[in-house]
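Below is one structure, written out as structure tokens, with a few remarks after it.
Taken together, the values in this text are just the output of simple stated rules run on the coordinates, not laboratory data. The structure presented is a predicted model; accordingly, all values stated were derived computationally and were not measured. All Cβ positions, even for glycine, are placed from backbone atoms using ideal geometry, and neighbour counts span all protein chains on display.
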Amino acid sequence: MTDFEKADINGDGKIDEAEYKIHIERMRREMEDEDAKRDQQRKMVWFALFGMLGYPLFVFASGALGFDNESKIIGDMSGVYFMSVGLVVSAFFGADAYVKGKEKKGKKDGDE
């Protein structure tokens with residue numbers, strides 16, 4: 001479906017002022033949604049990064065405060081923690097890339 005067909009809501013082959021305004025508003029909302037999505041992705045990555053950097057400091061601090069047994073337990077859990085955070089971030093970005101790839105393929109198939 002071309003942009004013209006998307007904008008021509010009533011299908012009469014002409015885009016009147018109301019249809020144009022609706023189309024422009026739809027495009028504006030799509031851009032805002034994409035911008036908000038990128039902001040959320042950026043926040044998620046920073047949160048994961050700080051968590052991954054802060055985890056060893058937390059283990060070190062618990063050992064320095066004399067909580068040796070707790071430090072060992074927290075340290076033993078680190079492998080699971082790092083794998084989980086990495087999996088969540090990679091799954092999110094992988095799913096996003098997959099959806100965008102499907103959208104691009106759909107646009108190419110629709111253009112032919």
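In table form, for the structure just shown:
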{"read-out": "Highest average packing first - 18-26, 33-41, Cβ atoms within 10 Å", "value": "18-26, 33-41"}
{"read-out": "Fully extended contour minus Cα-Cα distance, from Glu30 to Tyr98, at 0.36 nm per residue", "value": "22.6 nm"}
{"read-out": "Relative contact order, percent, the chain [alpha-carbon distance under 8 Å, six or more residues apart]", "value": "25"}
{"read-out": "Förster-model FRET efficiency, 22 Å R0, Ser78 and Lys43, C-beta, rounded to 0.05", "value": "0.40"}
{"read-out": "Size-normalised alpha-carbon gyration radius of region 3-111, reference 2.2 N^0.38 Å", "value": "1.83"}
